[in-house]
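Worksheet: the structure to be examined is printed underneath.
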Amino acid sequence: EFRRVLFRSGGHCAGMCGGIVSAVSMHLPNQTKSQPKILFLIAYNAGRILSYILAGAFAGLVGASSFFLNHVLPIQHLLYLMSSLMLILLGLYLAGLWYGVTYIENAGRGLWAKLQPYSKRFIPVQNLKQAFALGGLWGWLPCGLVYSVLIAAIATGDALGGGLLMLAFGLGTLPTLLSMGIATVKLKATLQNVWVRRVSGLLVLSFGVAGLLRLFSA
């Protein structure tokens with residue numbers, strides 16, 4: 001499960017988070033020898049991944065409740081099914097074929113509406129602490145793929161397992177988002193290309209289909 005999360009997460013972020021990364025990168029301080037641009041991007045992503053770990057730990061605690069422990073096998077299968085279906089919906093969204101996943105992401109917009117105003121305190125970014133704090137807020141941005149992995153985190157049944165699963169997800173997105181942050185201008189046009197989005201979407205969709213086949217063949 002950890003390896004699957006690591007592998008599938010990067011393709012989604014290339015198509016869905018490109019605009020956010022571009023906006024942040026363009027408003028970073030000018031690069032100096034003591035504080036190169038990459039350090040700000042690392043701090044930013046470290047804050048984001050920490051938010052994922054905290055959310056995963058909480059999801060694992062939910063999974064450890066008596067209800068889940070008493071029905072562990074059926075619940076795990078149901079959560080795995082939901083996670084795979086979410087990936088299929090995300091793939092369709094990224095490919096520009098269907099946008100139904102936005103209705104699911106609306107579930108997290110209430111929390112984001114309360115957190116988003118705090119981001120203004122850290123923009124424009126002036127130091128590494130601000131970059132880390134801004135990344136921590138970004139981690140709570142409504143995202144269908146994050147929700148699908150959180151469903152899997154619930155199925156782990158404990159806080160440590162849920163946190164580690166979300167850590168794997170965060171690490172899986174890190175190379176893609178760092179690359180986009182470093183090459184913002186060059187990658188921006190590429191990410192907006194319809195065929196890049198189609199390929200990215202179909203890749204994510206394939207993970208969901210593979211999950212369903214694995215579930216029903218077990």
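Heavy-atom accessible area for residue 138, with the other protein chains in place and a 1.4 Å probe, reaches approximately 20 Å².
Tell me the Kirkwood radius of region 70-139: reciprocal of the mean inverse pair distance over distinct alpha-carbon atoms, in Å.
On the way: mean 1/r = 0.0665 Å⁻¹.
With all distinct Cα pairs of region 70-139 included, I get 15.0 Å.
Projected over every direction and averaged, the convex hull enclosing the alpha-carbon atoms of region 104-158 yields 4.7 nm².
For residue 109, the accessible area of its heavy atoms, probed at 1.4 Å with every protein chain present, is near 100 square angstrom.
Taking all protein chains together and rolling a 1.4 Å probe, residue 42 ends up with roughly 80 Å² accessible.
The values are calculated or read from the model by the stated rules, or taken from the named source; none is laboratory data. None of these values were measured; they are calculated from a predicted model. The accessibility values were calculated without ligands, DNA or RNA, using every heavy atom of the protein model including side chains. Shrake-Rupley method; radii C 1.70, N 1.55, O 1.52, S 1.80 Å.
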